[in-house]
Amino acid sequence: MQHLALRMFILCAAVIMTSCTTSVATFTPQSLPTIPTTAVVRATTTTYLPIIFGPPPPSPVGWYQLAGNPQRTAYTPVIVQGPYQFRWIWNGPAGGGDGGPASDHLPLPKAVQPVIGNGMVFIGHSDGVVHALHTDNGTLAWSRLVGGQVLGTVAYHPDLRRVFVGSTNGRLYSLNANDGTIIGSYDVGGPIEMSPLLANNVIYVGSIINKGKNNGEGTSGRLVALNANDLTLRWQYNPGAGLLASPAYTASNGGMVIIAVEDKTVRALRVSDGGLVWSQTVNAGRDPQRQWTAFPDTYPAVSEANGVVIIRSYFMWQRTWAPPVSQTDTIDEIRQFLTQNPTHQSFFVLDLATGQPRYVAPVLGGGIGNNDDYYSTPPQVVIRRLSNSEEVAYVTWRNSQSCLSPSNCDNREEGTVGEMDLNTGHIRFVEIYKNSWQWRIPVDELGSMTMAGDALFYSHWMAMAAVTITDRSPSRGQTFTNPILTSKLVAISNTIRPGTCNQRDSTRHYCPTAHGVNNDSYQLGPGFYIYYASENIYDRFFTPPVFGPAIDENGVVYWKSVDGAIIALAPQSARLP
């Protein structure tokens with residue numbers, strides 16, 4: 001499906017011929033060639049593509065980078081309809097059938113999200129290898145060693161047909177998407193843990209140097225803007241502290257890049273020259289397991305229609321249990337608490353023009369964690385564009401109305417999903433079938449979300465589920481008992497216990513009945529599964545999916561499970577609105 005409105009420039013045929021080949025080289029991780037970290041850009045005939053400023057198209061399609069697009073909205077307008085069909089699993093059960101993982105199983109880094117383009121799924125790994133899988137069957141097209149560790153999500157350029165990947169060896173690599181050949185690289189000057197940003201033929205990527213020093217800020221950091229054609233430098237910016245969070249793009253003010261810096265500031269830079277437009281300090285905790293970082297595994301999310309950027313910062317586990325449930329019945333109560341206790345804020349709605357807070361958002365902290373520690377920053381919102389061109393945000397939040405009963409209501413049981421009015425911060429409840437089916441949503445198990453049209457996909461650490469919004473009329477959602485209505489769409493379990501689903505279809509990895517997991521009292525509803533095993537595979541390879549599933553232009557869902565397996569499911573139909 002072509003969508004040339006996304007790209008208002010013409011690519012010179014000579015550039016395409018220079019960067020693409022017809023051969024496909026396939027490697028195994030054991031036999032990958034060693035790539036020197038001093039690799040330089042190869043000399044080629046350079047044709048510069050003009051940089052286009054202005055509003056983005058109203059309906060971006062394609063999942064070419066983290067959260068789908070430069071604004072990091074985690075939303076695609078593709079309208080999907082179930083039922084879903086099983087396509088494939090990669091890096092999952094040995095032999096592809098029932099049982100446990102293969103002996104060469106890869107526990108993918110938690111900040112890795114699948115990226116789709118050129119008929120392939122691209123994903124990096126902490127062993128420094130980038131993998132490309134065929135979208136139709138999940139088989140390996142190629143693997144390429146770049147060195148160091150690949151801890152972030154790659155970016156794909158659909159016109160150049162190149163994959164851009166950052167490594168902890170400090171280099172950003174440009175790969176031929178056809179066969180993984182390294183076209184060039186650029187030394188950013190320090191380890192890259194973020195995901196590169198691709199906007200208007202420019203790659204933005206940053207580093208952190210000496211992470212752990214200066215109370216986690218790093219002694220320095222560097223953000224560079226590189227021409228995607230040849231990785232030549234357009235400009236660089238030194239924020240005076242490290243960069244871990246991935247940047248986002250906005251068309252506002254002629255084009256800006258939004259960055260979250262480890263000194264707890266959020267900054268906007270002009271895309272033309274890297275000049276500082278504004279800087280805003282926000283509250284942030286410090287992740288004790290990540291050398292005291294403030295913005296691990298996160299990114300800004302931009303609403304162009306409302307002129308705001310949403311920032312999530314690391315939230316300390318010990319603050320989860322305040323205030324008591326008696327003070328979280330209403331939005332006004334939550335706002336009053338956060339206003340009086342700003343150190344409990346981890347959700348910020350900032351004006352794109354000035355960086356000033358628009359309002360105190362009534363969102364308390366929470367995420368996926370255990371043992372007095374959250375594994376990452378709380379999950380970022382999904383920003384959805386409505387048919388009237390307005391935008392709303394879908395967010396996980398905490399409210400005592402969502403408790404299933406007065407006898408089963410504490411801070412942990414207040415987790416739910418809501419739709420936020422970005423003009424006011426008002427949140428409406430969304431029907432999510434809480435604690436039934438695959439929707440596990442305690443406050444310390446809140447996962448990330450993705451949307452396709454009216455379909456909302458939610459990834460818990462143990463499972464994934466999706467619902468289709470059927471009625472979001474103004475009268476709905478003001479209370480938990482009168483929510484925005486939905487219908488069940490699709491569900492996936494990581495591991496199901498043998499003997500609990502005798503009617504399962506092992507070739508489709510589908511269980512049509514209720515089933516259970518090992519050593520867990522939860523009963524899960526009908527849905528797909530990855531492993532049919534007598535042990536919980538997620539206990540062996542626990543890397544919580546801090547980003548939601550990716551969805552391509554055909555509505556196919558690619559979910560990276562907690563153990564590192566990727567499962568692909570195709571809808572019955574998919575179309576643009």
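Read the figures in this text as sums done on the coordinates, not as results from a lab. No experiment lies behind these values; they were computed from the predicted model shown. All Cβ positions, even for glycine, are placed from backbone atoms using ideal geometry, and neighbour counts span all protein chains on display.
Taking 20 Å as the straight-line reach from the Cα of K110, the aspartates and glutamates in range (excluding those fewer than 8 positions away in the same chain) are D127, E193, E262, D287, D297, D372, D373, D444, E445, D539, D563. Per-residue extension of 0.36 nm, minus the Cα-Cα distance of R412 and S389, leaves a gain of 4.7 nm for this segment. Scoring 161-168, 175-182, 338-345 by mean Cβ neighbours within 10 Å over their residues and listing the highest first yields 161-168, 175-182, 338-345.
Given their separation in residues at 0.36 nm each and the Cα-Cα distance between them, T343 and L233 gain 35.7 nm when the chain is fully extended.
Close amide H partners of N370, meaning residues 5 or more places away or on another chain with modelled amide H under 5 Å apart, are Y375.
Whole-percent P(r), the chain, all Cα pairs, 10 Å bins from 0: 4, 19, 30, 28, 15, 4, 0, 0. Positive end of the dipole of the chain (Cβ unit charges, origin at the Cα centre): among P93, V417, P158, the Cα lying farthest that way belongs to P158.
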